[in-house]
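**Q** Take this structure, written in structure tokens, and hold onto it; I'll ask about it next.
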Amino acid sequence: MIGNMKNLTIDPERLWDELMETAQIGATPKGGICRLTLTELDRQVRDWFKAHCEGLGCTVTVDDMGTMFARRPGQRSDVPPIAMGSHLDTQPTGGKFDGALGVLAALEALRTLTLAGYETFAPIEVVNWTNEEGARFAPALIASGVFAGVFARDWAAARADRSGETFADALETIGYRGPEPCGQHKLSAFFEVHIEQGPYLEAEGKDIGVVTGVQAMRWYEVTVTGQDTHAGTTPMARRHDALLGAARLVETVNASARKSASAVGTVGLLEVKPGAPNVVPGEVFFMIDMRDPDPAVLDRMESEIAQAAKKLEAELGLAIALKNIWTQPPQAFDPDCIAAVRAAAKVSGYSTRDMISGAGHDAAYVARVAPASMIFVPCKDGISHNEAEYSSKEQCAAGAQVLLQAVLDYDRQLAERYG
Ligand code: GLV
Ligand code: MN
Ligand code: MN
């Protein structure tokens, strides 16, 4: 018998305790987490997640991109699961909530069902996607991208970190390459809770962001090649300074983004070679991240950056290779999933605001192959990708409660649809 969904309430303390407990795995002195994907610390948090899911009677399967699926059976094993989750990897100076909240809120929602003995129509799953952040292996969202058929599996497996280690080797090393081919795991729907990572919910005093889509984003790898020469003896006019070229391009990225009110452009990774104070740099590698809801704005930025690079090549005697490695179009979420989130917030007594996500999320790729949407909760001062990132116990609990209600609402709809 499908139970009475109104009686189901997640436990804020349990969720908070698990957020703080897992935050110890890779804890940084400033109160954040450094748990880069497919490292030993990632293995530890995966082991924790697996043990806790199995402790709740779930079956945990892993696909060949390392994504973990913990399943709680429903009435109908022939119906694909309703999944919820996020990621357990972090940025190098990540906070305690980006990703972890989505996985642990999902775990708490599932635990609430189990402790209540509530039988759903469809199976329910908690998912931990691999390499959401893209901090170690570019681009971000690699596993959900393969899951959605956007990236070829072999291309993704061969992505290398800055030390040259491949995704496939790192996955093998931590023992999380599963047998299930990535993308074969059918889902009835996917819901992801996340901190907003921006300022709007807090500024407007809203409890829940009903996320209607994710903006477009692109990543580029740039290699600027000049000439290593002696810093003391090479006259300024004779230099081919790769860092000077890179610095001017960084300015261009910034200026180009500022021309549109909604656009953002960032250079967050830059490597200078050979890296000595008395050598004019002969090579610089850096990456550009740019985003806007409108891909035409990104086309404009791309062409301005390419033109600036051409000009700098001639002016400074450099070779500049600009390579687009990731293009994600804007992604709208599923109207039924969005409606389920809105209804769930209402039934739980929370105020809402519709919003487009500025950050990338696995839900955006999953949305290409299954109905999906997201639930945002406020975070302090809109700060994220920072060790100080913070959402309160109550804010985290609100996200988990809305997640649970949205999943149950969707489950009821599925039961009606299948008849
Ligand atoms: C994911 O963290 C992103 O870069 O938006
Ligand atoms: Mn995230
Ligand atoms: Mn992130």
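The values are calculated or read from the model by the stated rules, or taken from the named source; none is laboratory data. Predicted model only: the values in this text are computed from it and were never measured. So basically every Cβ, Gly included, is an ideal-geometry build from the backbone, and we count neighbours across all protein chains shown. In case anyone asks, the SASA skips ligands and DNA or RNA and just uses the protein heavy atoms, side chains included. Shrake-Rupley method; radii C 1.70, N 1.55, O 1.52, S 1.80 Å.
**Q** Test Ala122 against the criterion of being of a type in the set (Gly, Ala, Ser), more than 12 Å from ligand 3 (Cβ to nearest atom) and part of a helix (DSSP H, G or I), and give yes or no.
**A** no
**Q** Take residues that are touching a Leu at 6+ places or on another chain (Cβ under 9 Å) and open to solvent by 20 Å² or more (accessible area, probe 1.4 Å) and tell me which of the helices (runs of 4 or more DSSP H) falling wholly in segment 161-278 contain 1 or more.
**A** Correct list: 167-173, 242-258.
**Q** Can you say whether Leu101 is closer than 24 Å to Val60 by Cα, surrounded by 23 or more Cβ atoms within 10 Å (Cβ to Cβ), among the aliphatic types (A, V, I, L, M) and within 13 Å of ligand 3 (Cβ to nearest atom), as far as the supplied structure shows?
**A** yes
**Q** Here is a further query. Which one of Ile320, Ile356 is touching a residue at least 24 places away in the same chain (Cβ under 8 Å) and closer than 30 Å to Gln401 by Cβ?
**A** Only one candidate passes the filter, namely Ile356.
**Q** For Leu110, only one of the following conditions fails: (1) away from ligand 2 (no atom under 16 Å from the Cβ); (2) assigned to a loop (DSSP other than H, G, I, E, B); (3) buried (at least 24 other Cβ atoms within 10 Å of the Cβ); (4) not aromatic (Phe, Trp, Tyr). What is its number?
**A** Looking at each condition in turn, Leu110 falls short on (2).
**Q** State which residue pairs qualify: first residue within 13 Å of His385 (Cα to Cα) and inside segment 194-213, second residue of a type in the set (Ser, Thr, Tyr) and away from ligand 1 (no atom under 16 Å from the Cβ) in any location, beta carbons under 9 Å apart, and separation of 6 or more residues or different chains.
**A** Final answer for the pair search is Ile195/Tyr390.
**Q** Given the residues Gln75, Gln91, which is the only one that is open to solvent by 10 Å² or more (accessible area, probe 1.4 Å) and within 15 Å of ligand 1 (Cβ to nearest atom)?
**A** Only one candidate qualifies: Gln91.
**Q** Moving on to the next point. Of these, Ala364, Ala344, Ala296, which one is open to solvent by less than 60 Å² (accessible area, probe 1.4 Å) and free of Cβ contacts under 8 Å to residues at least 12 places away in the same chain?
**A** None of the other options fit; the residue is Ala296.
**Q** Another one. Mind checking which strands (runs of 3 or more DSSP E) fall wholly inside segment 296-405 and carry at least 3 residues that are more than 16 Å from ligand 2 (Cβ to nearest atom) and under 30 Å from Ala247 (Cα atoms)?
**A** The strands (runs of 3 or more DSSP E) meeting that bar are 319-328.
**Q** Here's something else I'd like to know. Does Ser86 count as within 16 Å of ligand 2 (Cβ to nearest atom), surrounded by 23 or more Cβ atoms within 10 Å (Cβ to Cβ) and within 20 Å of Gln24 (Cβ to Cβ)?
**A** Yes.
**Q** Before we move on, is Gln395 of a type outside the set (D, E, K, R), in contact with a strand residue (DSSP E or B) (Cβ under 9 Å, 6 or more places away or on another chain), more than 19 Å from Thr212 (Cβ to Cβ) and away from ligand 3 (no atom under 16 Å from the Cβ)?
**A** Considered against the rule, which asks whether it is of a type outside the set (D, E, K, R), in contact with a strand residue (DSSP E or B) (Cβ under 9 Å, 6 or more places away or on another chain), more than 19 Å from Thr212 (Cβ to Cβ) and away from ligand 3 (no atom under 16 Å from the Cβ), Gln395 comes out as yes.
**Q** Among the residues of segment 122-139, are any closer than 22 Å to Asp17 by Cα, away from ligand 2 (no atom under 11 Å from the Cβ), modelled with pLDDT of 95 or more and β-branched (Val, Ile, Thr)?
**A** Within segment 122-139, one or more residues are closer than 22 Å to Asp17 by Cα, away from ligand 2 (no atom under 11 Å from the Cβ), modelled with pLDDT of 95 or more and β-branched (Val, Ile, Thr).
**Q** Still on this model: Please pick out the residue among Gly32, Gly55 that is within 26 Å of Val407 (Cβ to Cβ) and either open to solvent by less than 70 Å² (accessible area, probe 1.4 Å) or at pLDDT below 95 (or both).
**A** Gly55
**Q** Surrounded by fewer than 24 Cβ atoms within 10 Å (Cβ to Cβ) and either outside any strand (DSSP E or B) or not charged (D, E, K, R) (or both): does that describe Thr37?
**A** The answer is no for Thr37.
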